[in-house]
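First up is the structure itself, then whatever we jot down about it.
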Amino acid sequence: MKIQVELNLEDVFDEAIYNEVTLKEEFTRSVRLDVIRELKEKFKNELMGKISNPISGKLEDIARESIIDLIKNASEKKYKFRIDYMGEELTVDELIRGRIKKIVDDNIETMISSRAKSFVDELRKRYDMAFATFIVDNMRKQNMLKEDKIAELLKDNPNEK
């Protein structure tokens, strides 16, 4: 095993003066502390790797089994869900259907209102056009309108709402 230690000699010298020890004693102490620190770090990393790999594998297996169980029993088995501050036991199927129903119920009024408004606007435009055509046709039959003005009167007015 090879350990590499790097020391700043100015720091070693300053520490020797501060601790009132010889340069040799401070140098020995600094090397010892750095070697111990390096060994701790190396063994900690190795140990964590040896411990965490089997644990990670086991956790993945447990998670995979739980997911498979959840999917397999989604429509039959009851699970406890916390919905709107109340704990309820539902199947996953019931939970999903309930959520979809809530979303649809919340948005259906807005969707119907929007569709009705656009339908009414379209009917209003058609009625206005039919009424205008009726008036222009009657004016044409009574020779109150020239032929070139008929097309101009019946074209869509872009300023109209």
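The values are calculated or read from the model by the stated rules, or taken from the named source; none is laboratory data. All values derive from a computational prediction rather than experimental measurement. Cβ: placed from backbone, ideal geometry, glycine included. Neighbour counts: every protein chain shown. Quick note on the areas: whole protein, heavy atoms, side chains included, nothing else; ligands and nucleic acids left out. Shrake-Rupley method; radii C 1.70, N 1.55, O 1.52, S 1.80 Å.
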Would you mind stating whether Arg115 is open to solvent by 70 Å² or more (accessible area, probe 1.4 Å) and within 19 Å of Lys155 (Cβ to Cβ)? no
Only one of (1) under 30 Å from Arg99 (Cα atoms); (2) open to solvent by less than 70 Å² (accessible area, probe 1.4 Å); (3) in a helix (DSSP H, G or I) is not met by Ala74, so which one is it? (3)
Kindly provide the set of residues from segment 11-28 that are open to solvent by 80 Å² or more (accessible area, probe 1.4 Å) and under 54 Å from the mean Cα position of the chain (by Cα), ordered by number. Asp11
Any chance Lys102 is basic (Lys, Arg), modelled with pLDDT of 75 or more and open to solvent by 90 Å² or more (accessible area, probe 1.4 Å): yes
Looking at Asp121, Asp148 in this structure, which one is open to solvent by less than 100 Å² (accessible area, probe 1.4 Å) and charged (D, E, K, R)? Asp121
